[in-house]
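> The structure follows.
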Amino acid sequence: ICFKSNIAGNSWGFRNERDSLEIFQVFNASSSSSSIKVPSRVGMFLIYTPAFLVGVASFWLFPDGDFRFLLLKSAITIHFFKRILEVTFIHKYSGEMSLDTIIIILVSYFFISLSLIYTQTFNQGLSEPSIDLKYLGIVLFLIGISGNFYHHCILSQLRTKGGKEYKIPKGGLFELVICPHYLFEILGFMGISLISQTLYSFSTTLGIAVYLMCRGYVSRKWYMSKFEDFPKEVKAVIPYVF
């Protein structure tokens, strides 16, 4: 058996910054007009910080785990630290977010980080899987966060300061798919699931992959409706396939 048995549960999809404000606007639309508003950059920073702090705290709360557990804690902490860095230095924002929206999304990310780390504690002391996939997981995770960061940088360069116009992204894997940042996000979480090698982390990654592929499909339809010159051969998330 390649995956250690573990507690199964629901999974939440992770979002990338450029598109995350779209779904946050849905929450905002249902919020009362009297809701407290904060700048979008501040809101995104607040959303990711607790999940990052969970990762940091896990090194103190669970100092005696095995090497696999150390890798998992490190990967989750690095993932959310990267997101905070992108919010602070890479992504361009405009507008505001309601505080109740921030709290809803904040709790979701907090739960993802906490649950992935905490459920791993149930496997401490158990025998290793017959097929060890954690080193392959490290490689996939590093490819995922690097590719995701690279394409986020490309996206950030599309919008000038104060500008709100949309353009067809070019460069990198944007020549093949409209959402390569989703593709690399999925690869990153595949890496996390292989590092963890539990049924829970695998189911979480599966949920994330399905969610992001659906978002990619919707994004491609939007681009095709807005740009008459959108290349039909450019897929949504997976080159040449989907």
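> Can you tell me which residues in the range 59-78 are assigned to a helix (DSSP H, G or I), closer than 13 Å to residue 196 by Cβ and open to solvent by less than 80 Å² (accessible area, probe 1.4 Å)?
68, 69, 70, 71, 72, 73, 74, 75, 76
> Starting from the range 133-154, take each residue that is without any contact (Cβ under 8 Å) to a residue 60 or more places away in the chain and list its partners that are open to solvent by 70 Å² or more (accessible area, probe 1.4 Å), counting only C-beta distances under 6 angstrom and pairs at least six apart or across chains.
Short answer, once both residue conditions are applied: 140/190.
> For residues that are touching a Cys at 6+ places or on another chain (Cβ under 6 Å) and open to solvent by 80 Å² or more (accessible area, probe 1.4 Å), tally how many sit in the range 115-151.
1
> Right, something else. Quick check, is residue 89 out of contact with any helix residue (DSSP H, G or I) (no Cβ under 7 Å at 6 or more places or on another chain), aromatic (Phe, Trp, Tyr) and within 21 Å of residue 185 (Cβ to Cβ)?
Judged against the criteria, residue 89 is a match.
> What number goes with the only condition from (1) out of contact with any Leu (no Cβ under 9 Å at 6 or more places or on another chain); (2) open to solvent by 30 Å² or more (accessible area, probe 1.4 Å) that residue 207 does not pass?
Going through (1) out of contact with any Leu (no Cβ under 9 Å at 6 or more places or on another chain); (2) open to solvent by 30 Å² or more (accessible area, probe 1.4 Å) one by one, residue 207 breaks only (2).
> Which of the following residues is more than 15 Å from residue 144 (Cα to Cα) and under 15 Å from the mean Cα position of the chain (by Cα): 76, 47?
Within the list 76, 47, the selection yields 47.
> While we're looking at this one, here's another question. Out of contact with any strand residue (DSSP E or B) (no Cβ under 8 Å at 6 or more places or on another chain) and surrounded by 21 or more Cβ atoms within 10 Å (Cβ to Cβ): does that describe residue 196?
In short, yes.
> I'd like to check something: does the range 90-103 contain any residue that is open to solvent by 10 Å² or more (accessible area, probe 1.4 Å), in contact with a His (Cβ under 9 Å, 6 or more places away or on another chain) and outside the structural domain of residue 204 (by the TED database)?
At the first step, the residues of the range 90-103 found to be open to solvent by 10 Å² or more (accessible area, probe 1.4 Å) are 90-96, 99-100, 103.
Next, only the ones that are in contact with a His (Cβ under 9 Å, 6 or more places away or on another chain) stay: 90-91.
Subsequent filtering for residues that are outside the structural domain of residue 204 (by the TED database) retains 90-91.
Yes, some residue in the range 90-103 is open to solvent by 10 Å² or more (accessible area, probe 1.4 Å), in contact with a His (Cβ under 9 Å, 6 or more places away or on another chain) and outside the structural domain of residue 204 (by the TED database).
> Next up: Looking at residue 112, is it under 16 Å from residue 204 (Cβ atoms) and either in contact (Cβ under 8 Å) with a residue 12 or more places away in the chain or surrounded by 16 or more Cβ atoms within 10 Å (Cβ to Cβ) (or both)?
Answer is yes for this residue.
> Same structure again: Take the residues of the range 187-221 that are at pLDDT 95 or above and among the aromatic types (Phe, Trp, Tyr): which is nearest to residue 165 (Cα to Cα)?
Checking each candidate, the answer is 217.
> Scan the range 217-242 residue by residue and report those that are touching a Phe, Trp or Tyr at 6+ places or on another chain (Cβ under 7 Å) and more than 17 Å from residue 170 (Cβ to Cβ).
Across the range 217-242, the qualifying residue is only 237.
The values are calculated or read from the model by the stated rules, or taken from the named source; none is laboratory data. Quick caveat, the model's predicted, so the values are computed rather than measured. A quick note on method: Cβ atoms are made from the backbone with ideal geometry, for glycine too, and the neighbour counts reach across all protein chains shown. The accessibility values were calculated without ligands, DNA or RNA, using every heavy atom of the protein model including side chains. Shrake-Rupley method; radii C 1.70, N 1.55, O 1.52, S 1.80 Å.
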